[in-house]
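First the structure, in the form of structure tokens, and then the observations on it.
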Amino acid sequence: MLERRGTPSEREPGAVSQQPGEVASWPAAVRRGRGLSPHQLVVYNAWQAVRGNRHFPPRAALDLHAIKKALGAIAILDVLHPETGRALAFRIRLWGTRLVDWTGADATGRVITARTGPRVVLRRLKRVVTTAGPLFARGVLVPWSPYDYKRFHVLALPLGAKPPLVDQILCVFEPVIPPSSLF
């Protein structure tokens, strides 16, 4: 376990939170692949390869062949930028087939707003949008899943055609306890 020093803002660069539900932000945790599963690392490396000197790449630039083994564990969220008087919201464009199996629910089409989504989920998604950088969260619960005992490590990567505006968020989920080991 990594040593924790001070508040999150005072910790050493590269320190990864080991507490469930805590967030480690770009670039400290993600830049060295710390804590990422093999599938998350493959997607992160593919994202980095097409990112180049930009903050983040457009979704169209991702090589699906390079990340094909991780596709079932991927969610893509559209960022619904606020109109006058409205708050930032997110629509789940894609909820991978493995995610449906793991969570017991197909979340495709679900809209996450301040009224419909837990604050912790919104806070993390907003952080990806405002920082225009990756985020890695450990021990995340999926709020709409009937399997409330399952937790996931989630890598969230910003996507967009016109930086610095984040249009989409690519999330790669990894179960903390693989489903096959539950039986």
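The Cβ shell under 11 Å around Val42 holds other residues with a net charge of +1, Lys and Arg each +1, Asp and Glu each -1.
Distances over 26 Å make up what percent of all Cα-Cα pairs in the stretch 20-177? Don't skip to the answer; put the middle values down first.
Numbers: 2305 of 12403 pairs.
Result: 19 percent of Cα pairs exceed 26 Å.
Under a 5 Å amide H cut-off, with hydrogens placed 1.01 Å from N, Arg151 pairs with Val176, Ile177 among residues at least 5 apart or on other chains. Note on Lys162: lysines with a C-alpha under 25 Å away, same-chain residues under 8 apart excluded, are Lys126.
Taken about its Cα centre, the stretch 20-177 carries a charge dipole of roughly 320 debye when the Cβ of each Lys and Arg holds +1 and the Cβ of each Asp and Glu holds -1.
Measuring nothing but how far apart in sequence close Cα pairs (under 8 Å, 6+ apart) lie, relative to its length, the stretch 59-117 scores a relative contact order of 29 percent.
The lysines within cross-link reach of Lys150, meaning a Cα-to-Cα straight distance under 23 Å and a gap of 8 or more places when in the same chain, are Lys69.
I need to check one value: relative contact order of the stretch 20-177, counting alpha carbon pairs closer than 8 Å and at least 6 residues apart, in percent. The partial results should precede the final answer.
Details: 308 pairs, mean separation 44.9, N = 158.
About 28 percent, as a whole number.
Maximal additional length on extending the Ser145-Ala161 stretch stands at 2.6 nm, based on 0.36 nm per residue less the C-alpha distance. A simple spin-label model places pseudo-atoms 7 Å from Cα toward Cβ; at Arg86 and Arg127 they are separated by 2.6 nm.
Dipole of the stretch 20-177 computed with +1 at Lys/Arg Cβ and -1 at Asp/Glu Cβ about the Cα centre; of Leu88, Ser145, Gly72, farthest Cα towards the positive end is Leu88.
Values quoted throughout were computed directly from the atomic coordinates according to the rules given, and no laboratory measurement underlies them. Remember, it's a predicted structure, so these values are computed and weren't measured experimentally. Counting neighbours? That spans all protein chains shown, and the Cβs are built from the backbone with ideal geometry, glycine included.
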